[in-house]
Amino acid sequence: MSSRTPWRARAGTALLAVLASIGAFAVPGSAVADSPSESLQTVTYHGYRIEVPAEWQVIDLAENPRACLRFDRPAVYLGEPADQNDCPSGVVGRTAGIVVEPITARSAGQATAATARTQRGKATAPTAASSNDTIQIAVEDAGVLVTAAHTPGTESLVRDVLASADLTEAAERTVLPRVTQRSDAAPLAAAGPQPGSYLGKGFDACAAPSQAAMNAWQTSSPYSAVGVYISGSFRACSQPNLTASWVTAQTGNGWRLFPIDVGRQAPCTSYSLKISTDPATAKSQGVTAAAGAITAASNLGIPAGSAIYSDIEAYTSTASCKASVMSYLSGWTERLHTSGYLSGLYSSAASGIKDAASEYNNGAYTRVDHLFYAWWNGAADTNTGSYVPSNYWANHQRIHQYAGEVTESYGGYSINIDRDYLDVGNGTPPPASCTGANYNFTAYSTVQNGSSGDQVKAAQCLLDAAGFDPGTPDGIFGSATATAARNFQTSKGLTADGAVGAKTWTALLSRGSTPTIQNGSTGEAVTRLQRALTAALGRTVGIDGAFGSGTAQAVRDYQSSRGLGADGIVGPATWSALQSGK
């Protein structure tokens, strides 16, 4: 239920102002209210109470069980989604939205390692981790699971809404079950790499269908493959059904999955979340997107060897726009390859696909492994016409979306879908290397002998680039990596303990050219600076390759703490301090 209350919090006006400034209602050309109403509404469900802007829709799923949980327009959804929904297949984009549902065996399947657990909700909201631009909190004293979607531009404001939470007397405690795996039980996972080798029809839908719908369609429909939106900052639909157990069940039943990521869009569009026009930054953004997709795939049990498709919606191409998109896809592909995944591109045949084909033999870009192209000509085949030469991506590397936004019904379950035809096969990505390694982290932890993971791989690659051989960059910190770290530390006059801590990280991350940079600068040097400052200061500095006010303040803080002139300009003295590990 909801009730209106006087305006008394900054979250509402600030959020509405930001939503207006980014063209909030997500799909290009959509209208935004001229001015925000100065009121909030209080929304309560199962004793969990939050304040949201009055203009947000509030949808009670008990009254409207087929409602589509979509985040391309601000809304709050209360209750459990039904087996069927009215999601249009073509929704793209995100503003902000919140789903509050009871903790049940079904909803518990959505929980991941990033899900925060709290008894009251309010204390955890500001610091709960965001994964794929989604914050999830289990408020056990109210027995609800709260899922909040945001964009990079609305995250702090969505956190303000979550921080307004309190509980009423109606709240009843339900503990979120902790998944325990018997030692003799097989882990939840797909039956193998996805989509694997498959020739035939498939479909994609905005939200993964329920188990009942999948069972009905398996029996009656012509489809045996399904596209699922597993990750990305611009996914429009909530995914209440998409869990590791759902993936295991579908692939166990013979379905093939083609995982899709919806992230930044071409800079020559009106979408609110765009790829940078600086090619180096664009590539870094592709790396970051791939890292998020890999995490999502891993959480769902979609293994290495699978292809993950980056959804880049149609755009009117220019030379600079194409360079940004191809750079983004290079970073996307290289990062996926380092973890053993194949890369795919979904786009309009007339824009992103045509651009990728035009750069097929350009060694400046890393080519994607698979094409997934929208050409709604009604032909269930993988012919690309004049858009792509027939000998490009010709080895079982194509998916054709041949019809869009049609509703079909089988076994009593209706779904709005895009129709696809697949000719795909298992591929082998290049062996792991430093190409496309992720160096962007919100914090740089100390890694040492016995450590493992992406930060270890980043340290190994940085040591190798500095001329100190750490062995194979496999993300496992062994004796060769420790020796390389000690030798690097000695060369910089640092304590040679063989562990990569804050000082060693700072020296490694800042290596390279030392141009004078300041507010307004962009490019690779700014990215290195932001990484090094994150390590040196022990706090997150946004890593986007753009020198803005936040970076300037971090520079002044660093300069002041190291006895340098605190002018916010990074010149020879500041670079020298960073590269010495200070």
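The values are calculated or read from the model by the stated rules, or taken from the named source; none is laboratory data. Since the model is a prediction, treat every value here as computed from it, not as a measurement. In this analysis, Cβ positions are derived from the backbone assuming ideal geometry, glycine residues included, and neighbour counts consider all displayed protein chains. Note: areas computed on protein heavy atoms with side chains; ligands, DNA, RNA excluded. Shrake-Rupley method; radii C 1.70, N 1.55, O 1.52, S 1.80 Å.
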Of the listed residues (THR243, THR288, THR219, THR281), the one being under 24 Å from THR95 (Cα atoms), polar (S, T, N, Q) and touching a strand residue (DSSP E or B) at 6+ places or on another chain (Cβ under 8 Å) is THR281
Inside segment 301-339, the number of residues satisfying the requirement of being within 18 Å of THR251 (Cβ to Cβ), over 13 Å from the mean Cα position of the chain (by Cα) and either open to solvent by 20 Å² or more (accessible area, probe 1.4 Å) or not aliphatic (A, V, I, L, M) (or both) is 5
Selection over segment 472-490 where residues are more than 15 Å from LEU509 (Cα to Cα) and either open to solvent by 30 Å² or more (accessible area, probe 1.4 Å) or of a type in the set (A, V, I, L, M, F, W, C) (or both) yields a count of 12
* Asked: Going by the structure shown, is THR382 within 30 Å of SER210 (Cα to Cα), β-branched (Val, Ile, Thr) and open to solvent by 40 Å² or more (accessible area, probe 1.4 Å)?
  -> no
Does segment 439-453 contain any residue that is within 30 Å of LEU508 (Cα to Cα), of a type in the set (Gly, Ala, Ser), open to solvent by 20 Å² or more (accessible area, probe 1.4 Å) and in contact with a strand residue (DSSP E or B) (Cβ under 6 Å, 6 or more places away or on another chain)?
yes
Reported set for segment 543-552 where residues are buried (at least 16 other Cβ atoms within 10 Å of the Cβ) and over 13 Å from VAL570 (Cβ atoms) is ILE543, ASP544, GLY545, ALA546
SER510: passes all of (1) touching a helix residue (DSSP H, G or I) at 6+ places or on another chain (Cβ under 8 Å); (2) in contact (Cβ under 8 Å) with a residue 24 or more places away in the chain; (3) surrounded by fewer than 23 Cβ atoms within 10 Å (Cβ to Cβ); (4) not hydrophobic (A, V, I, L, M, F, W, C) but (3)
Across segment 348-382, the tally of residues that are outside any loop (DSSP other than H, G, I, E, B) and either within 18 Å of the chain's Cα centre (by Cα) or closer than 18 Å to LYS201 by Cα (or both) stands at 5
Residue pairs qualifying under the 7 Å Cβ cut-off, at least six apart or on distinct chains, with the first in segment 383-404 being farther than 14 Å from PHE372 by Cβ and the second being open to solvent by 20 Å² or more (accessible area, probe 1.4 Å) and of a type in the set (Lys, Arg), are ALA403/ARG419
Going through (1) modelled with pLDDT of 95 or more; (2) open to solvent by 10 Å² or more (accessible area, probe 1.4 Å); (3) touching a Ser or Thr at 6+ places or on another chain (Cβ under 6 Å) one by one, HIS400 fails only at (2)
Given the conditions (1) farther than 28 Å from VAL99 by Cα; (2) crowded, with 19+ Cβ neighbours inside 10 Å; (3) touching a Cys at 6+ places or on another chain (Cβ under 7 Å), every one holds for SER284 apart from (3)
